[in-house]
1. Starting from the Cα of A:E504, step 7 Å toward the Cβ, then list every residue of region A:473-490 with an amide N under 16 Å from that point.
2. On C-alpha positions alone, give me the angle between the axis of helix A:318-356 and the longest principal axis of chain A, in degrees, nearest 10.
3. Taking region B:16-95 on its own, what percent of its Cα-Cα pair distances exceed 19 Å?
4. Which residue, B:L35, B:L19, B:L56, has the most motion in a Gaussian network model of chain B that connects Cα atoms within less than 10 Å?
5. Could you give the angle, 0 to 90 degrees to the nearest 10, between helix A:163-210's Cα long axis and the longest principal axis of the Cα atoms of chain A?
6. Which whole DSSP H helices in chain B pass both tests: a Cα extent of 20 Å or more along the axis and a mean Kyte-Doolittle value no lower than 1.6?
7. Evaluate peptide A:74-83: per residue, the Cβ atoms of other protein chains within 10 Å of its Cβ; return the mean as an integer.
8. Pick out, from A:G91, A:A133, A:N109, the residue whose Cα sits farthest towards the positive end of the charge dipole of the protein assembly as shown, with +1 on the Cβ of Lys and Arg and -1 on the Cβ of Asp and Glu.
Amino acid sequence: MPTTAPQTMIGQANPTAIMFFVAFVISTLLITWWAAKRTRTTKDFYAAGRSVTGFQNGLALAGDYMSAASFLGIAGLVSTKGYDGLIYSVGWLVGWPIIMFLISEPLRNLGKYTFADVVSYRLNQRPIRAAAAAGSLVVVITYLIAQMVGAGTLIKLMFGLPFEIAIGVTGTLMISYVLFGGMIATTWVQIIKAALLLGGATILVLLTLNKFSFSYGDLFGQAEKLYTNKFLEPGGLVTSPVDAFSLGLALMFGTAGLPHILMRFFTVPDVKEARKSVFYATGFIGYFYILTVTIGFGAAVLVGQKIIMGIDKGGNMAGPLLAEALGGNLFLGFLSAVAFATILAVVSGLTLAGASAFSHDLFVGVIRRGQASEKEEVKVAKIATVGLGITAILLGILFKGQNVAFLVGLTFAIAASANFPALLMSIMWKKFTTAGAVLSIYSGLIVATVLLILSPTVWVDIVHKSDVQAVEKAVKAIEEPMKAKVADLEKQKAPGLDAAKIAEIDASIAAEKKAAEPMVKEARSKMPQAIFPLKNPGIYSMAAAFLIGILASLLAPDKEAEKKFEGEKLREYIGVGAEE
Amino acid sequence: MSSKKTAREIIEDPDFKALVSKKNTFSIILTILELVLYFGFVGLIAYNKPFLAQKLSAGGATTIGIPIAVMTIMISWVLTAVYIFWANASYDNDVKKLKDKMGG
């Protein structure tokens, strides 16, 4: 209960956590060793031999997508902000049906290993592969930095390991899985992680609901008692409607433009399994977010916001704290190990997607103009894996202590603007041209990045952080003496005082407040303003990518590409000539 | 049955054209439904917070916003199920028929 401060083991070397984690590492390394023997061709390395079933791929997609940030972060957000956290979690799911309806089947039928295969299908290979690889690599690297910094911080919080060592261990394991086991090992790491995460979260939710006689009504009732009804209503997360729509667009279509997610559709044997995998993935991910939200509310009631925020201001330890309160040290250890495994799985998927963009698109497609042996291609992919892994470790350490939350927003904005529009237009629109695709990708990439830098998230919160702090200090310097005076005056209002005297005191209070007002306003006017008003640029960067892609295609039509679209349709819709 | 068709003939086949337009129509309708569902939810948050803050029942704590958010997640999943049922029942059969015409 909130009043009794529990002795938490969080932040100390926890033998159970280490034991569970070592067990996870040993079994995944065994799988990697087993997978390494089966990884000979490019098809094995990039696409697990296209032998993954729809159900397995559904779990693996869920494994790729459910990051530690969503597990710990959303539970934390719900525990500290209540309903606003639930709003956020909905946004993370709604991209999946879009993948199902528009992307998954054409992608499987038209592509081989990367989504650039699909965009460049009937267009000019080299410029498109270069642009698509740029889009993929920027998304992969920004997301990797966010995950790595998150990993270092979380592992430090949970295991008490130093930041650099945590990142080093994560990076080394991720390189090992991808380097030796390629997509086969990565897929199984995702599947095991997804099963552990879903299982662990389910147990935690059952233990939680058990405290409320399995009634959500009771849980919300107690939450309301502790934190008032505001906790169960939409609050300050969404202020401007345009901002809300912009973020919603980026989340929804960004999901459908993440290279490590798109790549998974090449691991299944046919479109039937591809669509099945989206159905399973959507179900698992939706279920997971419902669990996570329950964990957040449960932690708010059973652990209490004071303790949660005392350990980590962002609330990231809400889930682990609840696990400790309900299942003791053993369950805390298990869940900490699962969180570590979660991070590992996500960064492995990202690294593999980045390595494929590098070797399949840049090396084979652009540098070698499509002429390279399978052996060479796998070799380059492996070199790229090590290079990306080391880059991720170094950048993770470089960004230590920085606020990297904006990178997740940037990742989704770029995926939604650089990757998604070009992919969609290439499979749906006959008149799409090479120039249209290339300009659409680069404009999405540049507009999203530049606008995010000029947005409040980066321009105010990061670039002009010291100015913001100075303004806040100045405001405080004016308000505090005023508040002290007001408090003094309030104290004079002793009971029994006559009405005239009270009115006099109230008048002086009002005068104090009024005197401070223009000064505060003056101080606040120095607050740095963002050049671009929205927190997420999605609405503008997506519009730019579509508009420029359409205009460029219409201004310089490509008859050759239009003719080829008929053949593309045959493959897209009935799978004639699709990769086996 | 008459002789097998070539790829070029299949592209011109009215059945193939019908298949393409049927698939696109169905995909686009479902996409629009998902957009309306999610941005309807976002719109409620942006423009009508008091609606979401209403209590589900007198004396209870649960607000209408909670089941609406959960339903948004569940309906999204149901829509993927609708697509699968349609694709398995209708689309796959049409594809098979066309492939038979082509001779495999």
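1. A:489-490
2. For A:318-356 against chain A, the angle is about 40 degrees.
3. Here the tail beyond 19 Å accounts for 52 percent of pairs.
4. So, out of B:L35, B:L19, B:L56, the one fluctuating most is B:L56.
5. Around 50 degrees separate the two axes.
6. B:65-86
7. Shielding by partners across A:74-83 averages 1.
8. A:N109
Taken together, the values in this text are just the output of simple stated rules run on the coordinates, not laboratory data. Since the model is a prediction, treat every value here as computed from it, not as a measurement. For neighbour counting, all protein chains shown are included, and Cβ atoms are generated from backbone atoms with ideal geometry for every residue, glycine included.
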